[in-house]
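First up is the structure itself, then whatever we jot down about it.
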Amino acid sequence: MAKPVIWITRTLSDATLERARRDYDVIWDEADRPGTAEDIIRMSAKVDGIIPCHSEHFSADVVAELDPRLKIVANHSVGVDHCDLPALRDKGIVVTNTPGVLSDATAELAMMLMLAAARNAVAGDRVVRSGNWDFWSPAFMVGKQVTGAPLGIIGMGGVGRAFARKARGFDMEIHYHNRSRLSPEDEAGATYHEDLESLLAVSDFLSLHCPATTQTTGIINAGTLAQMPKGSVLVNTARGSLVDEAALLDAIDSGQLAAAGLDCFVTEPGGNPDFSSRDNIVMMPHVGSATVSTRDAMGFKALDNLDAFFRGDTPPDQL
């Protein structure tokens, strides 16, 4: 029996590519560029399944043009805001994602960004690296202490809970806002805020871990930033669309925010060039899950979903 044909849109981990080639007829381009709408439509007539990343966009217009041969989109991501899920379902295309395997890696990066933002890491690295460190005093590069501080978390899914576990190692006081309250076991002593406003009021540090939806787009804006304590720190390792970037810059420049740590931006790749002149904005290029073990786990989860589908079972992570 012929193997199913799958298109892997980007360069996945070596272990993932090796396993995929063992079990499937794989189409993969080493050029490692994002698949365009035209690419997706063209390839849908050649393959039975696709493993895309968040760089490939399955809009309603794209989905309407997909060939009936394509039966499954097995995302190499947890977030699926790049997919029009109702359109794909109406087309009869199964969609899966990779939950539960990248929480710790993303939480680690959020912790790195929070600490770096709080302790002037960009400015400190710059002054030492440039050879311009010729001064010291007790007032030099004084930052904001993390230990014992109140931490607000918006979104207590897998990543939010992993971040809370790590923050407890710094004796932080955990507060959270979520669509629903967690069980006492998952809450682990954190304080639940049904209203976003009450969470913001106590968040000396605020970390975003919610999905991008119509309800959460722009959730951090001039109004919500103004409700945070003056001199607070914002961390975003979720999605760039959660933050009004102009309002973020205004809050940084006014001192309402002391600093920010960002792994995602409205425009990706590229980011926001206006952020580059602010040493109190720490930036990474959307690499929250970029560890070897996590990339392997994500790739294997995508393949697990394909395996289940092609043997006639319901994929474990079907949406």
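Just so you know, all these numbers are worked out from the coordinates, no wet-lab data involved. Fair warning: this is a prediction, and the values are worked out from it, not measured in the lab. Because the Cβ atoms are built from the backbone with ideal geometry, glycine has one as well, and the counts that use them run over all protein chains shown.
Going Cα to Cα from Lys91, which lysines come in below 16 Å? Please leave out same-chain ones fewer than 8 positions away. Here the lysines satisfying the reach criterion relative to Lys91 are Lys71.
For the stretch 59-65, putting each phi into the Karplus relation 6.51 cos²θ - 1.76 cosθ + 1.60 with θ = phi - 60° gives couplings of 6, 4, 5, 5, 4, 4, 9 Hz, in residue order, rounded to whole numbers and with x for Gly and Pro.
Under a model in which nothing but the beta-carbon of Lys, Arg (+1) and Asp, Glu (-1) is charged, the stretch 103-283 shows a dipole of about 260 debye around its Cα centre.
Translational diffusion coefficient of the chain at 20 °C, 1.002 mPa s, Stokes-Einstein with Kirkwood Rh over Cα pairs, in µm²/s as a whole number.
Estimated diffusion coefficient is 102 µm²/s.
Net charge dipole, the chain: roughly 440 debye, given to the nearest 20, about the Cα centre with Cβ charges of +1 for Lys and Arg and -1 for Asp and Glu.
Shown is the FRET efficiency for Ser130 and Ser59, computed with R0 = 41 Å from the Cβ-Cβ distance and rounded to the nearest 0.05: 0.40. Between the stretch 1-57 and the stretch 252-313, the alpha-carbon centres lie 21 Å apart. Under the criterion of Cα pairs below 8 Å and six or more residues apart, the relative contact order for the stretch 18-98 equals 27 percent.
Placing pseudo-labels 7 Å out from each Cα toward the beta carbon at Glu185 and Asn221 gives an inter-label distance of 3.9 nm. Taking 7 Å steps out from each Cα toward its Cβ at Ala201 and Ala139 produces label points 3.5 nm apart.
Got a sec? How would Glu185, Glu108, Glu194 order by Cβ neighbour count within 10 Å, fewest to most?
By the 10 Å Cβ count, ascending: Glu185, Glu194, Glu108.
Bridges between two residues of the chain, per DSSP, are antiparallel at a rate of about 5%.
Couplings 3J(HN,Hα) for the stretch 69-78, derived from phi with the Karplus relation 6.51 cos²θ - 1.76 cosθ + 1.60 (θ = phi - 60°), are 4, 5, 10, 8, 10, 9, 5, 9, 5, 8 Hz, where x marks Gly and Pro.
Across the options Ala190, Met112, Asn280, the greatest Cα extent toward the positive end of the charge dipole of the stretch 103-283 (unit charges at beta carbon of Lys, Arg, Asp, Glu) belongs to Met112. Label positions at Ala15 and Asp90, each projected 7 Å from the Cα along the C-beta direction, are separated by 4.0 nm. A helix-only calculation puts the chain at -9500 deg cm²/dmol for mean residue ellipticity at 222 nm, using -39500 (n - 2.57) for each DSSP H run of at least four residues, averaged over all residues.
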